[in-house]
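A.B. asks: Encoded as structure tokens, here's the structure I'll be asking about.
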């Protein structure tokens, strides 16, 4: 299996490798990457779905502590740090069913950060079927990316529900 984790050669029989100089990228250089549209679609969908989820977490934090959004941007917080801040903010709310719901959603978001990191920080490789893939602990196949996108979406939808639900009238104490 180790042989399937070899880096891709970015040249083809009809092309030469670019020089190390990248100050003037060529139009359509992205098309030289050995990635098929179905994998790119699954990867892009997972990435977009996580971004939606993450920003729902940020907006919930802003409702709990006004000014959080600008602080997160200014401090360039990572998704993991945003998750921790949201969990802390939820934990510091008055005890209620809504606090428990938000805390649970914040925990799910925190747990999803490692999945997101495995995807976005994955190493390019050749998968078992010979196609370009990303790998972390395992080779990330299209169903893995689709499952991740579904998990990111479910969490984002729940955070959005809370944001537009009880947080829409929440007054920070």
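A.B. asks: Would you mind checking the tilt of helix 37-64 against the longest principal axis of the Cα atoms of the chain, expressed as 0 to 90 degrees and rounded to 10?
C.D. replies: Taking Cα atoms only, the helix is inclined about 20 degrees.
A.B. asks: For a footprinting-style exposure proxy, rank 171, 47, 126 by other Cβ within 10 Å, fewest first.
C.D. replies: 171, 47, 126
A.B. asks: For a Förster distance of 22 Å, can you work out the FRET efficiency between the beta-carbons of residue 93 and residue 117, rounded to the nearest 0.05?
C.D. replies: Given R0 = 22 Å and the Cβ-Cβ separation, E is 0.20.
A.B. asks: With only alpha-carbon atoms in the gyration tensor, what are the semi-axes of the equivalent ellipsoid for the chain, in Å, largest first?
C.D. replies: Output for the chain: semi-axes of 39, 18, 13 Å.
A.B. asks: Which values of log₁₀ I(q)/I(0), to two decimal places, follow from the Debye formula for the range 80-173 at q = 0.10 Å⁻¹ with a uniform point scatterer at every Cα?
C.D. replies: Each listed q corresponds, in turn, to -0.36.
A.B. asks: Given the DSSP H assignment, sum -39500 (n - 2.57) over each helix run of at least 4 residues in the chain and divide by its residue total; what's the result at 222 nm in deg cm²/dmol, nearest 500?
C.D. replies: -19000 deg cm²/dmol
A.B. asks: Got a sec? How would 86, 115, 134 order by Cβ neighbour count within 10 Å, fewest to most?
C.D. replies: 115, 134, 86
A.B. asks: Arrange 26, 87, 40, 93 by Cβ neighbour counts within 10 Å, fewest through most, would you?
C.D. replies: Fewest-to-most Cβ neighbours within 10 Å comes out as 26, 40, 93, 87.
A.B. asks: Taking the 0 to 90 degree range and rounding to the nearest ten, how far is the long axis of helix 79-91 tilted relative to the main principal axis of the chain, both from C-alpha atoms?
C.D. replies: The angle comes out at about 10 degrees.
A.B. asks: What's the FRET efficiency of residue 104 with residue 166 using the Cβ-Cβ distance as r and R₀ = 22 Å, to the nearest 0.05?
C.D. replies: 0.95
Read-outs: derived from the displayed coordinates by stated rules, not from any lab. Values in this document were obtained by computation on a predicted structure and should not be read as measured data. FYI the Cβ positions are ideal-geometry reconstructions off the backbone, even for glycines, and counts take in every protein chain you see.
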